[in-house]
Amino acid sequence: MTRETALNALLGLGLLAVALTAHAAGWTFTVTLATKVAILALAGAGLNIALGFGGLVSFGHAAFFGIGGYAAGILASHAMFYEPLVTWPVEIEGTRAMPVIWLVAMAASGLAALAIGALSLRTRGVFFIMITLAFAQMIFYFAISWPAYGGEDGLSLGVRNTFAGLNTLDPLSFFAICYTLLMIVLGLTALLRCSAFGLALDGARQNAERLKSLGIDPTRVLLTAFCLSGMVTGLSGALYADLNRFVSPAMLSWQTSGEIMVFVILGGVGRLFGPLAGAALYIVLEHNLGGVSEHWQFLLGLLLLLVVLFARGGLIGLVAGERRHG
Amino acid sequence: MAEPVLQIRGLCKHFGALRASDNVDLDLMPGEIHALIGPNGAGKSTLIKQIAGEIAPDAGTIRLAGRDVTASGAVARARLGLARSFQVSSVAGEFTVLQNVMLAVAGRLRRTYRFLRPALADTKLTAPAREAIARVGLADREGMRAADLSHGERRTLEIAIALALKPKAFLLDEPMAGMGPEGARSLTHLLDGLRHEAPILLVEHDMDAVFALADRISVLVHGRIIASGTVAEIQADAVVRAAYLGEEDA
Ligand SMILES: Nc1ncnc2c1ncn2[C@@H]1O[C@H](COP(=O)(O)OP(=O)(O)O)[C@@H](O)[C@H]1O
Ligand SMILES: [Mg+2]
């Protein structure tokens, strides 16, 4: 077992231990915080596929987070008011079943990533950053000005959506759902990274010209990764909506894109458990310093600066050293 | 007469006022090593890039195995069987030697879109990759990061990658550059055997290697092919001596 694997196990089990301990002690709020960490880590795990493995600096992942959130909100609100979503040509009802909502959230955010990625991947570097930001802003303003689903005020989900056999309103049960999904996604991501596709994706990041000379289209590889990335972040958005039982355009804002990127950078770009480390640190800081000072973001900025200047591998890199290939 | 594997007709490419390719005609026949020589800045790399599909010519046609590929991109041409090595080593530095060559095998076998199976456990990828690595003599470097290889080893890795593509034609842009006499000799030996698998268009400054290997030599000066012939013919050609070989001796 490498040092990084050990650290990953520690992080994964640590989050679980926090939730279980808090539950046993009756600290419901801490269980909710742990749930938030799992969900935000999932959002970061999505971005990590594009940013960490593919080198695609997307400043628009709030779009997928928000689309996932709205998918959950819209489906739930239709189910709540017994209003069909569509009546023609076939009648489609809303739903409160989480697994259906997740699939819809991933399909919707995946399609959005396909469209945004196909256009954005005509450029790289700074222009890619700006185009992804621009698309996310367009969706943000669309959500604000669309009265059917709350516009600026957002949309309430009422009670939490359902998962067969579990009481999702019980904080620990909901944590278990989010935690399990996070671990499944991280496990699949680990496989992805070692697969032939992972090889091509890493190759596209390192040397796109070389990839072309091997008969592999780097743009297609990157677009595929961007879609997977958007789907994972979309899934986390659906869970986030359920956590708060509320969605609002804030989920789609550029600040949200920035936060997701902060999780990845703090934890370590391209490190499997980096987003978990980053999201955990972020929530700990926000929770402990946010009360002390309004200006905790200043400290966060300072920390980011230090990471970018002195510890490119983020928290994971700091503890486990440089990443090894293959 | 057999059909050329690669047939280039009337190729022109300008960079502003500079003629990098000036009405170039060139054939690569089955089983041959066709050397392309010429002074620095003659347009050799530019020609290779146009054949590989990385830059578009202003005029002219490029046919690969009888098929007009002038409008095809670099990916399509690689898939049709063109393997090129780069003048400046262009491997994925963070990858190991094995991973670099496996990527080529994945490209050739169209096994890129497999998401969950560990590539290193896929013998369809590893076995051909190891075979190519062994052929160029890098077997003991298999697990080393490409960035940590010596310059000569990295040049050799380029050849292993091209081999792993099992192409219809090789385009090698100065494979010996900076290799040292020992490396150049063993690479010469390797290329000598390679021509029977697929013909080689060889851009090279090392005249010992060119004279030892080439079935045919074309001389490019200012984007124009000023002479084309056997080694003996080119060595005897007064114009070539003045334009190019003379410079080498001086
Ligand atoms: N992309 C480019 N834009 C402008 N000029 C170029 C470009 N690529 C090459 N050249 C010029 O074209 C000429 C031929 O270059 P090149 O094909 O690299 O020569 P060689 O490989 O024979 O040394 C050189 O004068 C070079 O400066
Ligand atoms: Mg050159």
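Readers should treat all values here as calculations from the given coordinates under stated rules, not as data from a laboratory. Predicted, not measured: the structure shown is a model, and the values here were computed from it. Quick reminder, even Gly has a Cβ in these numbers, built from the backbone with ideal geometry, and neighbours come from all protein chains shown.
Numbers at a glance
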item	result
Karplus (6.51, -1.76, 1.60) ³J(HN,Hα), θ = phi - 60°, over region A:268-281, in Hz, Gly and Pro reported as x	x, 4, x, 8, 3, 9, x, x, 5, 4, x, 5, 4, 4
5 angstrom amide H check on B:VAL69, placed H, neighbours 5+ away	B:ILE62, B:ARG63, B:LEU64
DSSP loop GluC sites (Glu not before Pro) with at most 12 other Cβ within 10 Å excluded, longest remaining stretch of chain A	A:94-293
Which of A:TRP296, A:TRP146 has the fewest Cβ neighbours within 10 Å, and the rest in rising order	A:TRP146, A:TRP296
Phi-based couplings in Hz for region B:207-213 (Karplus 6.51, -1.76, 1.60; Gly and Pro marked x)	5, 4, 5, 4, 5, 6, 9
Packing-based exposure ordering (other Cβ within 10 Å, fewest first) of A:PHE135, A:PHE81, B:PHE115	A:PHE81, B:PHE115, A:PHE135
Amide H contacts under 5 Å for B:ARG84, placed H, 5+ residues apart	B:LEU171
Residue among B:PHE95, B:PHE170, B:PHE86 with the largest mean-square fluctuation in a Gaussian network model of chain B, springs linking Cα atoms under 10 Å	B:PHE95
Contact order relative to length of region B:90-166, as percent, for alpha carbon pairs under 8 angstrom and 6 or more apart	50
Long-range amide H partners of A:LEU166 with built H, under 5 Å	none
In Hz, Karplus ³J(HN,Hα) per residue of region A:11-20 (6.51, -1.76, 1.60; θ = phi - 60°; x = Gly, Pro)	5, x, 5, x, 4, 4, 5, 4, 5, 5
Among B:ARG67, B:ARG141, B:ARG77: highest mean-square fluctuation, GNM of chain B, C-alpha pairs under 10 Å	B:ARG67
Cleavage-rule hits (trypsin sites (Lys or Arg not before Pro)) in region A:86-182: DSSP loop, at most 14 neighbouring Cβ within 10 angstrom	A:ARG122
Among A:ALA108, A:ALA196, A:ALA41: highest mean-square fluctuation, GNM of chain A, C-alpha pairs under 10 Å	A:ALA196
Per-residue [θ]222 nm for chain A (sum of -39500 (n - 2.57) over DSSP H runs n ≥ 4, rounded to 500)	-23500 deg cm²/dmol
For region B:6-45 and region B:152-229, distance of Cα centres in Å	15
Which of A:CYS194, A:CYS178 has the fewest Cβ neighbours within 10 Å, and the rest in rising order	A:CYS194, A:CYS178
Given B:LYS13/B:LYS166; A:LYS212/B:LYS166; B:LYS13/B:LYS44, the pairs whose alpha carbons are separated by over 21 Å	B:LYS13/B:LYS166
